[in-house]
2 protein chains.
Amino acid sequence: MKARVHVMLKDGVLDPQGQAVAHALGTLGFQGVGEVRQGKVIDLDLAATDRATAEAQVREMCEKLLANTVIERYDIEIG
Amino acid sequence: MKARVHVMLKDGVLDPQGQAVAHALGTLGFQGVGEVRQGKVIDLDLAATDRATAEAQVREMCEKLLANTVIERYDIEIG
């Protein structure tokens with residue numbers, strides 16, 4: 001089963017990478033670019049064959065490794 | 001208008017970050033984890049109010065700044 005995880009800084013947490021991208025886009029002449037936030041996307045191939053098991057496993061991975069839940073939020077897509 | 005861009009290494013391009021995640025998950029005791037690929041996700045707030053304009057603008061951003069199209073592919077979601 002395939003899973004995709006997005007890990008983003010929580011709203012209100014300063015995102016210097018996103019700010020750097022916004023600044024660079026401005027320098028390149030792109031108009032009308034407001035806030036930019038940058039995060040990570042992680043695609044996983046899992047042996048689990050049912051959705052619920054896969055989701056539970058990925059949630060545990062997020063809590064233990066993939067996200068720093070103090071400053072980051074994550075969301076999980078299965079399938 | 002909001003846009004989300006995913007930037008991933010192309011298939012066949014070595015992804016050491018993904019491999020490190022896969023290895024760490026194994027070390028933590030997670031079973032049945034196959035390939036892991038890690039990429040970037042970039043969320044943008046755009047002033048453009050129609051879909052086609054926004055998509056064209058973001059495509060240009062990807063080509064010029066957000067992705068290294070030699071080794072990375074990108075996909076764009078608008079709205």
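The values are calculated or read from the model by the stated rules, or taken from the named source; none is laboratory data. Just so you know, these numbers come straight off a predicted model, no measurement behind them. Ideal geometry is used to build each Cβ from the backbone, glycine not excepted, and the neighbour counts take in all protein chains shown. Heads up: the accessible areas ignore ligands, DNA and RNA and are worked out on the full protein's heavy atoms, side chains in. Shrake-Rupley method; radii C 1.70, N 1.55, O 1.52, S 1.80 Å.
For a quick check of your reading of the model, give me the residue pairs whose first member lies in the range A:18-46 and is among the charged types (D, E, K, R), whose second is loosely packed, with under 12 Cβ neighbours inside 10 Å, with beta-carbon atoms closer than 7 Å and at least 6 apart or on different chains.
Here the result reads A:Asp45/B:Gly34, each pair linking the range A:18-46 to a residue that is loosely packed, with under 12 Cβ neighbours inside 10 Å.
Looking at the structure I just gave you, is A:Val13 under 22 Å from B:Leu25 (Cα atoms), more than 8 Å from every other protein chain (Cβ to nearest Cβ) and modelled with pLDDT of 95 or more? Please lay out each step first, then the result.
On the way: under 22 Å from B:Leu25 (Cα atoms): no; more than 8 Å from every other protein chain (Cβ to nearest Cβ): yes; modelled with pLDDT of 95 or more: yes.
For A:Val13, the condition - under 22 Å from B:Leu25 (Cα atoms), more than 8 Å from every other protein chain (Cβ to nearest Cβ) and modelled with pLDDT of 95 or more - is not met.
If you go through the range B:14-31, how many residues are part of a loop (DSSP other than H, G, I, E, B) and open to solvent by 40 Å² or more (accessible area, probe 1.4 Å)?
Final tally of qualifying residues: 4.
Could you count how many residues in the range B:32-79 are within 20 Å of A:Gln19 (Cα to Cα) and among the basic types (Lys, Arg)?
Total satisfying the criteria: 3.
Right, B:Thr69: more than 7 Å from chain A (Cβ to nearest Cβ), among the hydroxyl-bearing types (Ser, Thr, Tyr), assigned to a loop (DSSP other than H, G, I, E, B) and within 13 Å of the chain's Cα centre (by Cα) or not?
Answer is yes for this residue.
When the residues of the range B:33-66 are narrowed to those that are open to solvent by 40 Å² or more (accessible area, probe 1.4 Å) and assigned to a loop (DSSP other than H, G, I, E, B), which ends up modelled with the highest pLDDT?
The selected residue is B:Ala47.
Taking the stated definitions as given, is A:Glu77 more than 10 Å from chain B (Cβ to nearest Cβ), open to solvent by 60 Å² or more (accessible area, probe 1.4 Å), modelled with pLDDT of 95 or more and touching a strand residue (DSSP E or B) at 6+ places or on another chain (Cβ under 7 Å)?
Criteria met by A:Glu77.
Among the residues that make up the range B:45-52, is at least one of them under 24 Å from A:Thr27 (Cβ atoms), within 18 Å of the chain's Cα centre (by Cα) and of a type outside the set (Phe, Trp, Tyr)?
yes
Which pairs do you get when a residue that is without any contact (Cβ under 8 Å) to a residue 24 or more places away in the chain, found in the range B:1-15, comes within reach of a residue that is of a type in the set (Val, Ile, Thr) and open to solvent by less than 10 Å² (accessible area, probe 1.4 Å), reach meaning Cβ atoms under 9 angstrom, with the pair 6+ apart or on two chains?
Taking only residues 6 or more apart or on different chains, the pairs are B:Asp15/B:Val36.
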